[in-house]
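Structure first, then comments.
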Amino acid sequence: MAGRFQGSSVFITGASSGIGEALARAFALEGARLALAARRLERLESVRQELMPAAAEVLAVPCDVTSRPSLDAAVAQTAEAFGGIDVAVANAGFGVTGFFQDLSTADFRRQFDTNVFGLLDTVYAVLPHLRASKGRLALISSVSGRVGSPGSSPYVASKFAVTGLAASIYYDLRADGVSVTCIEPGFVESKIRMTDNAGRFHEDWNDPVPPWLVVPRDRAARAIVSAIYKRKPEAVITGHGKLAVWSARHFPRTVRFIQRQAVQRMPGNLLAGPTRKKP
């Protein structure tokens, strides 16, 4: 039985780990031809080798979304190899944490460079190809783009920006036949919480989110792929994420009370990062 994306070319940023890697696996099972873009080429190559038996074609392209020339080169390589691009997933991102009074404008700039301007450059780089194919564009935002939370104002602000951007360009690109899907995951199995405020990954960090609250990334990826296929304008992923968004909309005072209680239980310096794994 042919997959829903049989023969379609799919370009994914941040594909070397976490949700991006899981999306690559999910699209491969749907018969897509894949271009996996990320900074860590060795890790990308490992993912490519894993997916080759399942996917029609898999391309590993080095790409830093904070560099427009790097993005343009990755997109050009993909379009040349596959004859165009049918689906683009702007997934690359990380999270800056810390109480607002302990941060600076530089922290916000660093966050927005990747999560907002890197995403914008991704959209502009792939847009000519998506217009030609009347394709699908997916922007990975977060439940944090709908519900504010303490100790992560740069990340929350960046994801609110992504959610707002998606809501607007949904209309702008519709006339060209390009669908825009805003994906808002809750806590999904990912490496993002093992990344420091400079965007550096730490293998020895523990995930601070309780395991019972974390949704397996492959399950989340299947839901994301389905939303992209159906050209949904928006999809909140994970049950707790849907509950958080619903509660913030209908019971904002209760949510603010809960968040205030959470602040009182937080450590004084969130910039210390998660605890390290025991040897």
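The table that follows gives values for the structure above.
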{"item": "Residue satisfying all of: in the range 220-244; charged (D, E, K, R) and outside any loop (DSSP other than H, G, I, E, B); nearest to I258 (Cα to Cα) among these", "result": "K242"}
{"item": "Residue within the range 45-52 that is at pLDDT 95 or above and more than 14 Å from V126 (Cα to Cα) present", "result": "no"}
{"item": "Residue match in the range 172-186 (condition: outside any helix (DSSP H, G or I), on the phi < 0 side of the Ramachandran plot and at pLDDT below 85)", "result": "no"}
{"item": "The listed residue being closer than 25 Å to S168 by Cα and not basic (K, R), out of D86, D102, D107", "result": "D86"}
{"item": "Identity of the residue in the range 38-63, crowded, with 20+ Cβ neighbours inside 10 Å and touching a residue at least 40 places away in the same chain (Cβ under 8 Å), that ends up nearest to A76 (Cα to Cα)", "result": "C63"}
{"item": "Strands (runs of 3 or more DSSP E) lying entirely in the range 33-101 (those with 2 or more residues that are closer than 30 Å to P150 by Cβ)", "result": "87-90"}
{"item": "Close pairs from the range 227-253: first within 13 Å of I183 (Cβ to Cβ), partner part of a helix (DSSP H, G or I) and of a type outside the set (D, E), Cβ under 6 Å, at least 6 apart", "result": "P233/Y170; A235/A227; V236/K242; V236/V245; I237/A220; I237/A223; G241/V143"}
{"item": "Residue tally, condition more than 16 Å from the chain's Cα centre (by Cα), outside any loop (DSSP other than H, G, I, E, B) and among the polar types (S, T, N, Q), over the range 1-32", "result": "1"}
{"item": "Tally of residues being free of Cβ contacts under 8 Å to residues at least 24 places away in the same chain and surrounded by 21 or more Cβ atoms within 10 Å (Cβ to Cβ) across the range 110-155", "result": "1"}
{"item": "Whichever residue in the range 1-14 is at pLDDT 95 or above and among the hydrophobic types (A, V, I, L, M, F, W, C) and, among such residues, is farthest from A73 (Cα to Cα)", "result": "F5"}
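The values are calculated or read from the model by the stated rules, or taken from the named source; none is laboratory data. The shown structure was predicted, so the numbers you read here are calculated from the model rather than taken from an experiment. Every residue, glycine as well, gets a Cβ built from its backbone with ideal geometry; the counts of neighbours run over all protein chains shown.
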